[in-house]
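A.B. asks: Got a structure here, written out as structure tokens. Questions coming.
The values are calculated or read from the model by the stated rules, or taken from the named source; none is laboratory data. Just so you know, these numbers come straight off a predicted model, no measurement behind them. All Cβ positions, even for glycine, are placed from backbone atoms using ideal geometry, and neighbour counts span all protein chains on display.
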Amino acid sequence: MKNELSQPSERYDPLDEQLRGAEEYVPDNGFTARVLTALPAKQNHAWRRFVVLTVAVLAGAALAVWQLPALLGIFHGALPRHWSAIQWPMVTAAAALLTALGSLVWAMFALVNEEE
Amino acid sequence: MSFTDADLIARSLLREDQNAFGELVRRYQSPVRGFLAKMADGDMHLADDLAQETFVKAWKKLGTFRSDAKFSTWLFGIACNEWRMHVRGRKELALADLAEPPAELEQPEAATTSNLRLDLAAAMKRLTPAERAAIVLCCQNGLSHDEAAQALGWPLGTVKTQVLRGREKLKRSLAV
């Protein structure tokens, strides 16, 4: 691939020809590898994101379970009578658990994709 | 599949992809090292040290690169700054700094030796650092005067003057 340094000459001048002819390609000889070694270490945002997300999900689930009885009381008053037979604490706890697990799986996928 | 510079820059930035940046280094190591070697009078070790620092700084500052400029121009700008800092760090070479050159600067020895046929490398060494930088960027690396002015941090007129003077000196030295 030609890089953007290649430009055509506007008019002929023997000096230009000499100057361009004297511009030799400098072989890499491990230079690129040395530069890559000297680059500052990659900041691993993926791990930080994973930890923050996990903590947030677990804290949210804990808060939901802790507040559940009070929230259920409000819901029970507003719901139709035949719905009251359903075990709402179980359903809500299962939903919170599924949400937490789903978020963790998503975080794992995001982490794997970041590192690839 | 080959990526454009813009693709590689985007990958380097968004995913901190060092392999993409490595491809950019491979593409531009030759012109950058060649430029710095000429500024360092052929000292390839010094040129390599400065070129390495140039690319490390480019990696750190990649987020500041604006796509309206060419990547090579931006890179040469960093290389010029590295050279300036090196020269400033060496007191004995302070007069050869790449800071904007004085309006009238003629080397007397150039006139006395104008009839000698010198090879290009020797003739280039006879140029002032400012003339050499302008000639290498514009005449050997294909930068326009505008781009060279941007890379060197000089006014456009200064670049044109340095290129003109450098070319005249080279023509006299080489009897072209």
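A.B. asks: Identify all residues within the stretch A:19-46 that are part of a helix (DSSP H, G or I) and at pLDDT below 85; write none if there are none.
C.D. replies: Correct list: A:ARG20, A:GLY21, A:ALA22, A:HIS45, A:ALA46.
A.B. asks: Sort out which residues of the stretch B:53-77 are farther than 15 Å from B:SER12 by Cβ and surrounded by 22 or more Cβ atoms within 10 Å (Cβ to Cβ), and write them in order of number.
C.D. replies: Matches in the stretch B:53-77: B:THR54, B:SER72, B:PHE76.
A.B. asks: Those residues that are assigned to a helix (DSSP H, G or I), touching a residue at least 40 places away in the same chain (Cβ under 8 Å) and in contact with an Asp or Glu (Cβ under 7 Å, 6 or more places away or on another chain), I need them from the stretch B:141-164; list them, please.
C.D. replies: B:THR158, B:GLN162
A.B. asks: Next up: Looking only at residues that are hydrophobic (A, V, I, L, M, F, W, C) and in contact with a helix residue (DSSP H, G or I) (Cβ under 6 Å, 6 or more places away or on another chain) in the stretch A:25-39, which one is nearest to B:ASP48 (Cα to Cα)?
C.D. replies: Looking at residues that are hydrophobic (A, V, I, L, M, F, W, C) and in contact with a helix residue (DSSP H, G or I) (Cβ under 6 Å, 6 or more places away or on another chain), I get A:PHE31.
A.B. asks: Just checking, does the stretch A:47-58 include any residue being under 30 Å from B:PHE35 (Cα atoms) and either more than 10 Å from chain B (Cβ to nearest Cβ) or modelled with pLDDT under 70 (or both)?
C.D. replies: No, the conditions are met nowhere in the stretch A:47-58.
A.B. asks: Name every residue in the stretch B:57-85 that is of a type in the set (A, V, I, L, M, F, W, C) and outside any helix (DSSP H, G or I), in order of residue number.
C.D. replies: Across the stretch B:57-85, the qualifying residues are B:PHE65, B:ALA69.
A.B. asks: When you scan the stretch B:25-52, how many residues do you find that are surrounded by 21 or more Cβ atoms within 10 Å (Cβ to Cβ), among the hydrophobic types (A, V, I, L, M, F, W, C) and more than 15 Å from A:ALA38 (Cβ to Cβ)?
C.D. replies: 4
A.B. asks: I want to confirm something. Restricting to the stretch B:123-150 and keeping residues that are among the small types (Gly, Ala, Ser) and out of contact with any Phe, Trp or Tyr (no Cβ under 9 Å at 6 or more places or on another chain), which single residue is farthest from B:MET39 (Cα to Cα)?
C.D. replies: The qualifying residue farthest from B:MET39 (Cα to Cα) is B:SER144.
A.B. asks: Within the stretch B:24-56, can you find the residues that are in a helix (DSSP H, G or I), of a type in the set (D, E, K, R) and at pLDDT below 95? It would help to see each step written out before you state the result.
C.D. replies: Quick first cut of the stretch B:24-56, residues in a helix (DSSP H, G or I) only: B:24-39, B:44-56.
Imposing the further condition that a residue be of a type in the set (D, E, K, R) reduces the set to B:26-27, B:33, B:38, B:48-49, B:53.
Answer for the stretch B:24-56, where residues must be in a helix (DSSP H, G or I), of a type in the set (D, E, K, R) and at pLDDT below 95: just B:LYS38.
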